[in-house]
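See structure below.
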Amino acid sequence: MEKMKKKLGFGFMRLPMKGEEIDIAQTCGMVDEFLARGFNYFDVARGYLNSRAETTLRTCLTSRHLRESYLLTDKLSGGFFKTEADIRPFFESQLEITGAGYFDFYLMHALNANQYQKFTECNAFQVAQQLKNEGKIRHVGISFHDTPEVLEQILSEHPEIEVVQIQFYYADLEDPKVQSLAVYEVCRRHGKPVIVMEPVKGGALANLPEAAGQILDR
């Protein structure tokens, strides 16, 4: 599997803004600094930043840096297809908009029990494997938001899945809504590499609970 140089990725879900517009100059500077310091993993999806993230990624990354200098993940999101026939055109539009040429990782996005049913009915996993066979995807995976039992079902029914992206943050290890530790253990049992999403709660750590703020004010 492609080598991630350092264990930290650059997500295009949240970027610096100037009012309602993405701050392109600052984002380019951040991308350049990230690569200069030896990191090389980037993550994007069509719906991020009101569907502007893929275009911004092309502006700030793929048009400015050699393709072999970075790894890129994009995703098949359930809100952008209704039938199997929709999947390939959507994927091709992602390749065109990002300018990536191919995706190192392509994830079935935000799977839960309901989304998994849709992806299954639309043969999304089979289409992704076809795209991999054509060299347009290096590795097929999933991002996951549900119970360990649902993940067990998905990985049992699709052993071809190569990587799983999960929420994994110490405050969520035993949280009944997230069950990070139990979900991680399912990945381990199936021998799947794990990509951690939002390891610092999507920036939520910057928003202190009221009680913590009172302590700091003393």
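Numbers at a glance
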quantity: Count of Lys pairs (Cα-Cα under 19 Å; at least 8 positions apart or interchain) in the chain; calculated: 14
quantity: Kirkwood-Stokes translational diffusion coefficient of region 83-203, alpha-carbon pairs, 37 °C, 0.692 mPa s, µm²/s; calculated: 219 µm²/s
quantity: Heavy-atom surface of region 1-125, accessible at 1.4 Å and reported per residue (Å²); calculated: 48 Å²
quantity: Within region 1-104, percent of DSSP bridges classed antiparallel, to nearest 5; calculated: 25 percent
quantity: Residues whose placed amide H lies under 5 Å from that of residue 103, excluding near-sequence neighbours; calculated: 137, 138
quantity: Sites residue 23 and residue 194 - FRET efficiency at Förster radius 22 Å, r taken between beta-carbons, to 0.05; calculated: 0.10
quantity: J(HN,Hα) series, region 172-183, from Karplus relation 6.51 cos²θ - 1.76 cosθ + 1.60, nearest Hz, glycine and proline x; calculated: 9, 4, 10, 4, x, 7, 10, 6, 4, 5, 5, 5
quantity: Positive minus negative residues near residue 111 (Lys, Arg vs Asp, Glu; Cβ under 15 Å); calculated: -4
quantity: Residue with peak Gaussian network fluctuation, the chain [Cα springs, cutoff 10 Å], from 33, 162, 198; calculated: 33
quantity: Check: region 71-110 dipole with +1 on Lys, Arg Cβ and -1 on Asp, Glu Cβ, in debye; calculated: 120 debye
quantity: Selected from 116, 19, 29, residue furthest toward positive end of dipole (the chain; charges at beta carbon); calculated: 29
quantity: Where labels lie 7 Å past Cα in the beta-carbon direction, separation of residue 14 and residue 157 in nm; calculated: 3.3 nm
quantity: Cα gyration tensor category, rounded, prolate or oblate, for region 1-108 with a/c compared to 1.5; calculated: oblate
quantity: Percent carbon-and-sulfur accessible area, region 3-64, ignoring ligands, DNA and RNA, probe 1.4 Å; calculated: 52 percent
quantity: For residue 75, residues with placed amide H under 5 Å, excluding near neighbours; calculated: 46, 107
quantity: Computed magnitude of the charge dipole of the chain (debye, nearest 20; Cβ of K, R +1, Cβ of D, E -1); calculated: 540 debye
quantity: Prolate/oblate/rounded call for the chain, Cα gyration tensor, a/c under 1.5 rounded; calculated: oblate
quantity: Distant-in-sequence amide H partners of residue 165 (H built 1.01 Å from N, under 5 Å); calculated: 142, 143, 144, 195
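The values are calculated or read from the model by the stated rules, or taken from the named source; none is laboratory data. Because the structure is predicted, anything quoted here is derived from the model rather than measured. When we count neighbours, we look across all protein chains shown, and the Cβ atoms used for this are built from the backbone with ideal geometry, even at glycine. SASA here: full protein model, heavy atoms, side chains in, ligands and nucleic acids out. Shrake-Rupley method; radii C 1.70, N 1.55, O 1.52, S 1.80 Å.
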